[in-house]
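The values are calculated or read from the model by the stated rules, or taken from the named source; none is laboratory data. Note that the structure is a prediction, hence the values are computed from the model and not measured. As a convention, Cβ positions derive from the backbone with ideal geometry for all residues, glycine included, and neighbour counts pool all protein chains shown. These area figures cover heavy atoms from the full protein model, side chains too; ligands, DNA and RNA do not enter into them. Shrake-Rupley method; radii C 1.70, N 1.55, O 1.52, S 1.80 Å.
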Amino acid sequence: QVQLVESGGALVQAGASLRLSCAASGTVFSINGMGWYRQAPGKQRELVAEFTSGGSTHYADSMKGRFTMSGDNTKNTVYLQMNSLKPEDTALYYCHAEYYGFDYWGQGTQVIVSS
């Protein structure tokens, strides 16, 4: 089993920055396979960024340039640095991990960007 705990969500004004964290515990093999998704009200959950199994970082096209994903293998923790936030970035941000075909999700951390 893998447990994912997100933190760092907040209410901020447009243009602000936030850094989300996701700490993984349990049978964690690597931060490769971990990623961030988000779900805005009334919309489907969408990929933000992820570390592929090969160790590269993949971003959704709309997230490139403002969002940066990083990680610390010694802490089994991944981060999402979000800059120049916009009201449309308002969403519940979820941490995700996939190991050997099993999907794990955190509870999510809320980001609200006011205009």
#### Entry: Pair list, Cβ under 8 Å, 6 or more apart: region 80-101 residue part of a helix (DSSP H, G or I), other residue of a type in the set (Ser, Thr, Tyr)
PRO87/SER114; PRO87/SER115
### Query
What number goes with the only condition from (1) touching a Lys or Arg at 6+ places or on another chain (Cβ under 8 Å); (2) farther than 21 Å from GLN3 by Cβ that LYS86 does not pass?
(1)
### Query
Got a number for residues in region 1-58 being over 17 Å from GLY101 (Cβ atoms), among the hydrophobic types (A, V, I, L, M, F, W, C), outside any strand (DSSP E or B) and in contact with a Phe, Trp or Tyr (Cβ under 9 Å, 6 or more places away or on another chain)?
1
### Task
Give just the number: which of (1) surrounded by 18 or more Cβ atoms within 10 Å (Cβ to Cβ); (2) without any contact (Cβ under 8 Å) to a residue 40 or more places away in the chain; (3) of a type in the set (Ser, Thr, Tyr) does THR52 not satisfy?
(1)
### Query
Pick from region 59-79 the residues that are of a type in the set (Gly, Ala, Ser) and assigned to a strand (DSSP E or B): which of them is surrounded by the most Cβ atoms within 10 Å (Cβ to Cβ)?
GLY71
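Which members of region 81-96 meet the condition of being open to solvent by less than 10 Å² (accessible area, probe 1.4 Å) and touching an Asp or Glu at 6+ places or on another chain (Cβ under 9 Å)?
Going residue by residue through region 81-96, those that are open to solvent by less than 10 Å² (accessible area, probe 1.4 Å) are 82, 85, 89, 91, 93, 95.
Within region 81-96, MET82, ALA91, TYR93, CYS95 meet the criteria.
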